[in-house]
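Enquirer: If you scroll down you'll find the structure; I have some questions about it.
The values are calculated or read from the model by the stated rules, or taken from the named source; none is laboratory data. Note that the structure is predicted; figures quoted are calculated from it, not measured. Quick reminder, even Gly has a Cβ in these numbers, built from the backbone with ideal geometry, and neighbours come from all protein chains shown.
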Amino acid sequence: MSTPKQKAPPPPKWWSPSAGVWLAGGFLALAAVPYLSSATQLMARGETASLGKVAEQVKKKGEPADKQREVKGLAVAKDGTVFGGGKNGVFTLKDGQWNRMEDFTGHDVKAVALDAAGTMYVLHHDGVSMRKDGAWSEIYEGEAHNLALGGDGSLLVGAMKPAALMKRQPDGSWQKLNDGLPTAN
């Protein structure tokens, strides 16, 4: 024996199609709050509030503190100064304390390297930055996995898109050495 279907109750008296639009708009506004807040913080620091940077800031806020504290890149200068990089930028370690290098505006640092002259190379979310004579410059734009300094002082970058091994030439240009590692058979 089947149970008779019950008729759905009528909608509340306040309900109308325009009420649904207002309700959806309210939920959308609430969802936008973290993005607007992050964009405002970036602009207050003098940074461009691009969609990628805003999304990264929102993502960072949702991460556990331990994830933000990870040291992902390390380099040691001739004078013994330790440089570390991670989610929140580049830091120096002096007397057991990490101090953020405030002049570095990148984020999500993956690797740090120092050449014999003390020039620093930092692989981060947006590419590779170079710090030479106290000034930062962006020298490679694009996603990459790692960087390394060659014995001859050259800089190598393991690029992601497209997969390639790139070498920085003395004139600052980039040479593609190959298409990355071979695929599995």
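Enquirer: Based on what the data block shows, is K110 more than 18 Å from N178 (Cβ to Cβ) and either in contact with a Gly (Cβ under 8 Å, 6 or more places away or on another chain) or surrounded by fewer than 18 Cβ atoms within 10 Å (Cβ to Cβ) (or both)?
Expert: Numbers: more than 18 Å from N178 (Cβ to Cβ): yes; either in contact with a Gly (Cβ under 8 Å, 6 or more places away or on another chain) or surrounded by fewer than 18 Cβ atoms within 10 Å (Cβ to Cβ) (or both): yes.
For K110, the condition - more than 18 Å from N178 (Cβ to Cβ) and either in contact with a Gly (Cβ under 8 Å, 6 or more places away or on another chain) or surrounded by fewer than 18 Cβ atoms within 10 Å (Cβ to Cβ) (or both) - is met.
Enquirer: Just to check your reading of the model, which residue among W136, W174, W98 is touching an Asp or Glu at 6+ places or on another chain (Cβ under 8 Å), of a type in the set (F, W, Y), under 29 Å from T48 (Cα atoms) and outside the structural domain of S50 (by TED's automatic domain parsing)?
Expert: On the way: W174 fails: touching an Asp or Glu at 6+ places or on another chain (Cβ under 8 Å); W98 fails: touching an Asp or Glu at 6+ places or on another chain (Cβ under 8 Å).
Result of the check over W136, W174, W98: W136.
Enquirer: Inspect the range 69-84 for any residue being in a strand (DSSP E or B), closer than 30 Å to S50 by Cα, touching a Leu at 6+ places or on another chain (Cβ under 9 Å) and β-branched (V, I, T) and give the result as yes or no.
Expert: As a first pass, look at the range 69-84 and keep what is in a strand (DSSP E or B): 73-76, 82-84.
Of the ones still in play, those that are also closer than 30 Å to S50 by Cα are 73-75, 83-84.
After this cut, where a residue has to be touching a Leu at 6+ places or on another chain (Cβ under 9 Å) as well, the list is 73, 75, 83-84.
Now restrict to residues that are β-branched (V, I, T): none.
No, the range 69-84 contains no residue that is in a strand (DSSP E or B), closer than 30 Å to S50 by Cα, touching a Leu at 6+ places or on another chain (Cβ under 9 Å) and β-branched (V, I, T).
Enquirer: So which residues in the range 136-149 are closer than 17 Å to G118 by Cβ and exposed (fewer than 12 other Cβ atoms within 10 Å of the Cβ), if there are any at all?
Expert: S137
Enquirer: Under 9 Å between Cβ atoms, which residue pairs at least 6 apart in sequence (or on different chains) link something in the range 75-92 that is assigned by TED's automatic domain parsing to the domain that holds N146 and of a type in the set (V, I, T) with a partner that is in a loop (DSSP other than H, G, I, E, B) and surrounded by 14 or more Cβ atoms within 10 Å (Cβ to Cβ)?
Expert: V90/M101; V90/F104; V90/G106; V90/V109; T92/M101
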